[in-house]
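The values are calculated or read from the model by the stated rules, or taken from the named source; none is laboratory data. All figures in this text were calculated on a predicted structure; none of them were measured in a lab. Glycine also receives a Cβ, built like all others from the backbone with ideal geometry; neighbour counts cover every protein chain displayed. We work out accessible area using only protein heavy atoms, side chains counted, and drop any ligands, DNA or RNA first. Shrake-Rupley method; radii C 1.70, N 1.55, O 1.52, S 1.80 Å.
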Amino acid sequence: MKTSLFMLGYFYLINCSFVQAIDWDKCGSGKQILQLWKLRVSPDPISLRGNNTRIWLQTDIYENIPAGARIQIKIWKVRKIFWDMIFKAPCFLPTGCDVELCRFIEYFGGKSVCPLKTQLYESDSIEIIRPVMDSYARSFELGRFWIQLKITGPNSEQLSCWSFKGEANDIE
């Protein structure tokens with residue numbers, strides 16, 4: 001399988017020019033049927049000024065993911081103004097940020113991998129191409145960021161939720 005569910009959280013990192021560190025952790029109070037074991041990026045640190053980035057992931061799916069499951073992706077820019085201020089960023093993904101999971105994976109992975117069954121998934125090298133962004137979208141590139149990736153079942157029950165945090169700096 002060329003893609004894995006948690007590559008999805010990384011797609012928002014394409015908005016960064018240079019990422020110093022990426023931390024991830026589970027979020028939400030609902031079910032957690034997915035476990036992200038490994039996330040590796042190249043180049044490391046990530047530099048997207050004219051370069052594409054490659055990622056490799058390893059994740060366990062502990063229960064079959066039902067048809068009709070959705071993925072919701074949210075991203076915030078974090079700024080320190082006496083204390084941390086959080087600003088919601090617009091959705092930059094061509095698929096949208098609240099989309100049917102299988103359609104989303106097929107769009108970025110190039111083929112259908114659904115239905116997603118209980119098993120360990122390891123991705124091959126997945127190439128991420130930086131999108132063209134307007135000046136408003138580019139204003140979210142630099143500084144600290146927080147990404148939340150949530151997968152829900154057809155009845156809106158949380159199946160998994162992951163939070164990714166990092167910092168982006170400009171390098172010429």
Self-check item: Candidates Leu159, Leu116, Leu93, Leu120, filtered to the one that is modelled with pLDDT of 85 or more and part of a loop (DSSP other than H, G, I, E, B)
Solution: Leu116
Practice problem: Give the residue, chosen from Glu141, Glu127, that is among the acidic types (Asp, Glu), part of a strand (DSSP E or B) and either open to solvent by less than 30 Å² (accessible area, probe 1.4 Å) or at pLDDT below 90 (or both). | Solution: Glu127
Quiz item: How many of the residues in segment 55-85 are of a type in the set (Val, Ile, Thr), assigned to a strand (DSSP E or B) and either surrounded by 16 or more Cβ atoms within 10 Å (Cβ to Cβ) or modelled with pLDDT of 95 or more (or both)?
Solution: 6
